[in-house]
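Written below as structure tokens is the structure these notes are about.
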Amino acid sequence: MTGRPLALVVEDAADQATLLGRYLDREGFDVLIAPDAESAIAAFPDIHPVLAVVDLLLPGISGHTCARLVHEQFPDCFRVISSVLDPADYPEAEAALPKPFTGAALHRVVEGIAR
């Protein structure tokens, strides 16, 4: 890692994860991509993300549970829920990023995060 703030991306779709990674890198974040909640949780002891983007439709442990666990482990982490589901069904978080998303939409979500 480079000393830049860390963004945790929990996304099982490789194309979406890559796109989020590129956008977040451009926004000034180091990015750790976890393809499922289990991988993200396994990384918890070694990371301290300031931002977490969590897809709701994950294999295994759900995105709802993953978002809750991120909040419990990292209470100051800015959580963003990203999903094709109706935003009305998203769990509580600091921001929503409905799919399909754009770089501009992600920029609006992360522009106020302390780095």
So I have [x] 16; [y] 54; [z] 24, and one of them is percent of Cα pairs over 23 Å apart calculated from this model. Which one is it?
[x]
Once phi is turned into ³J(HN,Hα) by the Karplus curve 6.51 cos²θ - 1.76 cosθ + 1.60 with θ = phi - 60°, what whole-Hz value does each residue of the stretch 33-42 show in order, with x for glycine and proline?
9, 10, x, 7, 5, 4, 5, 4, 4, 5
Per-residue [θ]222 nm for the chain (sum of -39500 (n - 2.57) over DSSP H runs n ≥ 4, rounded to 500)
-10000 deg cm²/dmol
Given H placed on each backbone N at 1.01 Å, which residues far from residue 31 in sequence or on other chains put an amide H within less than 5 Å of it?
7
Could you tell me what percent of the DSSP beta bridges with both partners in the chain are antiparallel, to the nearest 5?
0
Using θ = phi - 60° and the Karplus form 6.51 cos²θ - 1.76 cosθ + 1.60, what ³J(HN,Hα) does each residue of the stretch 99-110 get, whole Hz, x for Gly and Pro?
8, x, 10, 10, x, 5, 5, 5, 4, 4, 5, 9
For the stretch 1-102, averaging the sequence separation of alpha carbon pairs under 8 Å that lie six or more residues apart and dividing by its residue count, the contact order in percent is 23
Restricting the stretch 1-98 to GluC sites (Glu not before Pro) in coil, as DSSP defines it, with at most 14 other Cβ within 10 Å
92
Give me the net charge of residue 92's neighbourhood, meaning all other residues with Cβ under 11 Å from the Cβ of residue 92; Lys, Arg count +1, Asp, Glu -1.
+1
Taking loop as defined by DSSP and a crowding limit of 14 other beta carbons within 10 Å, which trypsin sites (Lys or Arg not before Pro) in the stretch 22-104 fit?
none
Tell me, what is the percent relative contact order of the stretch 1-60, built from C-alpha pairs under 8 Å that lie six or more residues apart?
47
Taking H placed 1.01 Å from N in the peptide plane, check which residues at least 5 places from residue 61 or on another chain put their amide H under 5 Å from its amide H.
37, 38
Other-chain or far-sequence residues with amide H under 5 Å of residue 78's (modelled H)
51, 52
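Here, each number is a calculation from the coordinates, and none is a lab measurement. Since this is a predicted model, take the numbers as computed values, not measurements. Methodologically, a virtual Cβ is constructed for each residue, glycine included, from the backbone with ideal geometry; neighbour enumeration extends over all protein chains shown.
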